[in-house]
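K.L.:
Sharing a structure, written as structure tokens. Questions coming.
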Amino acid sequence: MSTIFSDHDQIEVVSSFSELVNTRFHGAMNAICWQRNLVGDFKEIVTKLQLRDDITEVSGEDLLALELSEEGSVAREIILNDLQLLTDFGASPVLNLLKCYERDEELGFISTDVYSYHVDRSPVGTDTFLCTYHGTASDIIANDQVEQKILIPEIREQLKKLHDGTEDEFEDFLKEYFFDLHYQPKPHAEPVNLGVGHVWRIAVDHPDQEALPCVHRAPVENDGEYRLLLIC
């Protein structure tokens, strides 16, 4: 199978939903891609949906209420099928029409928003699924190409100034405010863009995970263009 992701140790490429959910993470491999070349007019769906907030959740009923062309209808069926596959698997997929996420610029020296490279954490065994149908797509980056921000001396010193507890409580403080989830790319790091139409499963930080959690970030949106994103 020809693939644009085949030369990355971090990524396993599969050709079906069954393979996507049943392939195990191992070693450096913490991202699985169900690679697809989708047909249909997803832009038409984005154009006809109503953005109510910066992030608007779109239901299956919202999709079915749209009057679409033949190409738009093809795109709609693909989205509805993806939602059903994930729901039947036991996941809770959400379809978002997205203008932008909230920015975290309060501290200046460290960001904890989704535009910063980060990992997801869960107390139970789970994974993150995502698919961009329209607009800019997320990036992932290999774990050996990033440095945890809280280990960067100048950032760590600034965080210690914020913390008013004891040294022993400092690590708990870093976790409580999610500082420990964020990473900075090393010089010459090479992120991988996840592209449009593929369904991805990426590893999450939880006690039973056999691989390192996948470091990823949300993309900066194109001016005047909304994203249509499935995530769970």
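The values are calculated or read from the model by the stated rules, or taken from the named source; none is laboratory data. What you see is a predicted model; the values in this text were computed from it and never measured. Backbone-built Cβ (ideal geometry, glycine too); neighbour counts: all protein chains shown. Heads up: the accessible areas ignore ligands, DNA and RNA and are worked out on the full protein's heavy atoms, side chains in. Shrake-Rupley method; radii C 1.70, N 1.55, O 1.52, S 1.80 Å.
K.L.:
If you line up the Cα atoms of the range 181-232 on their principal axes, what length do they span on each, largest first, in Å?
P.N.:
Between the extreme Cα coordinates on each principal axis of the range 181-232 lie 40, 30, 18 Å.
K.L.:
If you don't mind, another one. Along Cα→Cβ, 7 Å out, is where each label goes; now give me the distance between the ones at V74 and V94 in nm to one decimal.
P.N.:
Result for the modelled spin labels: 3.1 nm.
K.L.:
What net charge is computed for the residues neighbouring D180, neighbours being all others with C-beta under 13 Å from the C-beta of D180, Lys and Arg scored +1, Asp and Glu -1?
P.N.:
Computed value for this residue: -2.
K.L.:
With only alpha-carbon pairs counted, each pair once and no self-pairs, how large is the Kirkwood hydrodynamic radius of the range 60-131 in angstroms?
P.N.:
Over the range 60-131, the inverse of the mean reciprocal pair distance is 15.5 Å.
K.L.:
Per residue, what accessible area does the chain have, given a 1.4 Å probe and all protein chains present, in Å²?
P.N.:
Per residue, the chain has 54 Å² of solvent-accessible surface.
K.L.:
Right, something else. For the chain, what is the convex hull volume of the alpha-carbon atoms per residue, in Å³?
P.N.:
It is 144 Å³ per residue.
K.L.:
Then there's this: Quick one: order D82, D53 from most to least accessible surface, probe 1.4 Å.
P.N.:
Sorted by accessible area, descending: D53, D82.
K.L.:
Based on the alpha-carbon set only, what is the convex hull volume of the range 87-169 divided per residue, in Å³?
P.N.:
173
K.L.:
Also: When only the heavy atoms of the protein chains count and the probe is 1.4 Å, how do K149, K186 rank by accessible area, highest first?
P.N.:
Listed by decreasing accessible area, they come as K186, K149.
K.L.:
Determine Rg/Rh for the range 115-232; Rg is computed over alpha-carbon atoms and Rh is the Kirkwood hydrodynamic estimate from the same atoms.
P.N.:
1.01
K.L.:
With equal scatterers on the alpha carbons only and no solvent term, can you work out the Debye log10 of I(q)/I(0) for the range 1-116 at 0.16, 0.20, 0.21 1/Å?
P.N.:
Treating every Cα as an identical point scatterer, log10 I(q)/I(0) equals -1.02, -1.18, -1.19.
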